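Step one of this worksheet: look at the structure below.
What follows is calculated from the coordinates using simple rules that are stated; it is not laboratory data. All figures in this text were calculated on a predicted structure; none of them were measured in a lab. Neighbour counts are summed over all protein chains in view; Cβ atoms, including those assigned to glycine, are modelled from backbone coordinates with ideal geometry.
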Amino acid sequence: MEKLNILLVGSGGREHALAWKIAQSPLCGRLVAAPGNPGIAALAELRAVKVLDVEGLVALAKEIAADLVVVGPESALEVGLADRLAALNIPCFGGSQRAARLETSKAFTKDFCQRHGLPTAAYGVFTDAPSASAFFDTLQAPFVIKADGLAAGKGVVIAATRAEADAAVLDMLGGRFGTAGARVVIEEFMHGEEASLFAICDGASAMLFGAAQDHKRAYDGDEGPNTGGMGAYSPPPVLTAALIDQAWRELIEPTVKGMAAEGNPYVGVLFAGLMLTPTGPKLVEYNARFGDPECQTLMLRLESDLVPILLAAAKGELASAAPPVWREEAAICVVLAAEGYPDAPRTGGVIRGADADYGDEAVVFHAGTALDDQGQLVAAGGRVLNVCALGATLHEARDVAYAALGTISLKGGFYRNDIGWRALSQH
Ligand code: AMP
Ligand code: GLY
């Protein structure tokens, strides 16, 4: 069997989980991560090339004769990394700049949904406050206001009153999110529980790749500010096989077909943020990447080799790839965040206990970590570690993950104590 040279782009917990799974593959020869993190360093060769340095990444892919480039974050797609690699015939798991607009432009996605009749919230796109205000007259509170472009997950305001809604529009148009807020998207508020559904796409077809549920708010009980995600579990019982089937037929399939028909074939992960409304799943947003921390739970549960699936998607050969096989167990991921996250995370705090061996039971992925001058592991980002576990039940997985978390310390660090509560409270 010929071994592959693989370049993994990114440096978060999602990429550590991907590296962990890729490194287990018998197909994996040389694994290089750019820029990676201290956790990934145990599995891959790290190269200090940044995610937005397209030319640096292309040069690295050439230098290592990459057989496959796996792109973690959407920011690298937005600057055209996949397009440059495609021009060089280097297989890339990740979408073109134009295809990635499903994540990078909310207005593009809303218009796409309208063109193809996909279930999502009613909406309007505005560049001036009076027109936005007139649109609010047609809606009921609460109001949903979003900056059009990428705003690191912080460009969404749910306003309880008209006054707050008008203020949010002025704030965004006034430049609070820079050019990302030059256009605002206003949406009808959808009621229901949220879940994340994943499809792996090769431009022409899609393969179901599991589901998970995230916890976006910073504190227990879903209180506090929105974050990139404080924890996840998989599978989410709320997303039944029937609902997955409906979302697949009404959203995923028409999206993959529609993108191809419009000349933007979609390659990579199509991550649908769903609202499970009383009338069925509706799209909250698409992302052009694996969810973080949802990905960590999927990697724990995935029994199949990940590499043939990513390679088939990158080469447009998904139709001949075997679908993923999942373990029976439930997986959970709890995020340890730095003090002050998400507004002003305090970096530099020393982390202890992160690299203990938890055997088969728990795995700790590094997210925002770094080594300081003395070689100590320190917090280097808002989300610092991802403590993950598998269990025969979600209860068991949770107990294992929290037991492991109890042995880790980071001054001022915090985590949610209730990851999985929606599923756990049902039993
Ligand atoms: P987004 O960045 O678009 O995923 O929005 C962030 C969060 O805001 C989502 O995860 C939802 O919890 C909430 N949200 C966004 N759009 C809507 C909507 N139209 N109705 C209800 N909640 C929404
Ligand atoms: N955890 C949600 C996201 O990755 O967008």
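Sort 295, 201 by Cβ crowding within 10 Å, fewest neighbours at the top.
Fewest-to-most Cβ neighbours within 10 Å comes out as 201, 295.
If N is the number of residues in region 347-397, what value comes out of its Cα radius of gyration divided by 2.2 N^0.38 Å?
1.32
Convex hull over the alpha-carbon atoms of region 3-123: what's its volume per residue in Å³?
On the way: hull volume 14.5 nm³, N = 121.
Cα-based convex hull of region 3-123, divided per residue, equals 120 Å³.
Using the C-alpha gyration tensor of region 19-61, what are the square roots of 5 times its eigenvalues, in whole angstrom, with the largest one first?
Those come to 20, 12, 7 Å.
Suppose every Lys and Arg Cβ carries +1 and every Asp and Glu Cβ carries -1, with no other charges. What dipole size does region 103-176 come out with about its Cα centre, to the nearest 20 debye?
For region 103-176, the charge dipole is close to 180 debye.
Mind listing the long-range amide H neighbours of residue 326? Cut-off is under 5 Å, sequence gap 5 or more, other chains count too, H placed in the peptide plane at 1.01 Å from N.
303
Distance from the Cα centre of region 315-380 to that of region 186-248, in angstrom?
Each part's Cα centre sits 19 Å from the other's.
When only C-alpha pairs under 8 Å and at least 6 residues apart count, what is the relative contact order of the chain, in percent?
16 percent
Is the chain best put as rounded, prolate or oblate by its Cα gyration tensor, with a ≥ b ≥ c the root eigenvalues, rounded for a/c under 1.5, and otherwise prolate when a/b is larger than b/c, oblate when not?
Cα axes put the chain in the rounded bin.
Note down the Stokes-Einstein diffusion coefficient of region 36-90 in µm²/s, whole number, using a Kirkwood radius over alpha carbon pairs, 20 °C, and 1.002 mPa s.
Numbers: Rh = 11.8 Å.
Here the translational diffusion coefficient equals 182 µm²/s.
Kindly state, to the nearest 0.05, the FRET efficiency for residue 374 paired with residue 137, given R0 = 60 Å and r defined as their beta-carbon distance.
After rounding to 0.05, the efficiency reads 0.50.
Taking 0.36 nm per intervening residue step and subtracting the Cα-Cα distance, what contour gain separates residue 358 from residue 63 on full extension?
Details: separation 295, 0.36 × 295 = 106.20 nm, distance 3.61 nm.
This chain segment gains 102.6 nm when fully extended.
Find how many whole Å separate the alpha carbon centroid of region 283-306 from the alpha carbon centroid of region 388-421.
After rounding, the separation between the Cα centres reads 19 Å.
In region 258-401, with Lys and Arg counted as +1 and Asp and Glu as -1 at Cβ, which of these residues, 314, 345, 358, has the Cα nearest the positive end of the dipole, that is, farthest along it?
314
In debye to the nearest 20, how big a dipole does the chain give about its Cα centre with +1 on each Lys and Arg Cβ and -1 on each Asp and Glu Cβ?
It works out to roughly 500 debye.
In the chain, what % of DSSP beta bridges are antiparallel (nearest 5)?
Values: 63 of 79 bridges.
Given both bridge residues lie in the chain, the antiparallel proportion sits at roughly 80 percent.
How do the peptides 221-233, 163-175 rank, highest first, by the average count of neighbouring beta carbon atoms within 10 Å per residue?
Going by the mean number of other Cβ atoms within 10 Å, highest first, we get 221-233, 163-175.
I want to make sure I understand the PRE zone here: with the label point 7 angstrom from the Cα of residue 246 toward its beta carbon, which residues in region 282-300 have backbone N atoms less than 11 Å away?
Counting only backbone N, you get 282.
Sort 127, 407, 369 so the one with the fewest other Cβ atoms within 10 Å of its own Cβ comes first.
Neighbour counts put them in this order, fewest first: 127, 407, 369.
222 nm [θ] for the chain, helices only, -39500 (n - 2.57) per DSSP H run of 4+, per residue, to 500?
-7500 deg cm²/dmol
What fraction of the Cα pairs in region 209-277, stated in percent, has a spacing above 13 angstrom?
72 percent
Pairs 106/282; 21/62; 3/315; 257/315: which are spaced more than 20 Å apart, C-alpha to C-alpha?
21/62
Amide H to amide H under 5 Å from residue 120: which residues, 5+ apart in sequence or cross-chain, H placed 1.01 Å off N in plane?
Hits under the 5 Å cutoff: 283.
Give me the orientation-averaged projected area of the Cα convex hull of region 125-230, in nm², one decimal. Show your work: numbers first, answer last.
On the way: hull surface 34.0 nm².
Average of the hull's projected areas for region 125-230 equals 8.5 nm².
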